[in-house]
């Protein structure tokens with residue numbers, strides 16, 4: 001029997017799309033669906049609630065997660081409700097009625113840029129290491145061995161990784177450009 005007070009939706013947000021994810025969660029809450037958790041590869045769980053304008057914020061801070069109690073308490077002291085950690089991001093929410101003019105956990109552009117840098121260090125640098133230490137060498141090695149299937153697989157990975165790097169670079173550039181306006 002299906003419970004009408006809960007729902008699960010699949011959504012996929014790439015690493016630099018945390019703002020889009022925040023807007024999605026806020027819209028769900030405005031429509032009467034309170035975010036409970038995200039699991040797996042983009043399974044968002046919600047429960048029925050009174051529609052309310054609630055701001056959702058994500059922070060990517062591995063050091064904060066390493067010192068979790070102090071990190072969470074810092075946000076609680078500012079009125080933010082901690083929800084969960086998921087793939088390096090910490091999820092928080094706060095009703096707009098309690099905002100006092102500030103709708104973000106970041107107080108300035110410099111702190112937003114720092115978060116982007118943390119995302120880059122935590123997510124993109126490991127991908128760069130894999131790209132340069134595994135994919136590129138294997139692409140050239142397998143090409144020399146003549147195994148077309150394996151070469152095709154590494155070419156696909158090469159293109160995929162280049163796409164990821166280009167997309168993240170574009171999003172970071174666009175984000176920086178918007179901050180300067």
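Calculate the length of the line joining the C-alpha centroid of region 1-65 to that of region 142-160, in whole Å.
38 Å
Given region 6-98, what whole percent of its Cα pairs are spread farther than 16 Å?
54 percent
For the chain, set up a GNM with springs between Cα atoms under 10 Å and report which of 31, 147, 61 has the largest fluctuation.
147
Could you work out how much longer the chain between residue 110 and residue 176 gets when fully extended? Use 0.36 nm per residue separation minus the Cα distance between them, nm to one decimal.
22.7 nm
Over the Cα atoms of region 109-179, what radius of gyration and what Dmax do you get, in Å?
15.7, 51
Find the all-direction average of the projected area of the Cα convex hull for region 62-181, expressing the result in square nanometres with one decimal place.
Seen from a random direction, the Cα hull of region 62-181 projects 9.9 nm² on average.
Would you please give the FRET efficiency between residue 132 and residue 17, computed as 1/(1 + (r/R0)^6) with r the Cβ-Cβ distance and R0 = 35 Å, to the nearest 0.05?
0.90
Pop a pseudo-label 7 angstrom from the Cα along the beta-carbon direction at both residue 159 and residue 30 and give the gap in nm to one decimal.
Placing both labels 7 Å along Cα→Cβ, they lie 3.9 nm apart.
Mind checking the full-extension length gain between residue 48 and residue 150? Use 0.36 nm per residue of separation minus the Cα-Cα distance, one decimal, nm.
Once the chain is fully extended between residue 48 and residue 150, it gains 31.9 nm.
None of the figures in this text is laboratory data; all of them are computed from the coordinates on show. Since this is a predicted model, take the numbers as computed values, not measurements. Cβ atoms come from the backbone with ideal geometry, glycine included; neighbour counts cover every protein chain shown.
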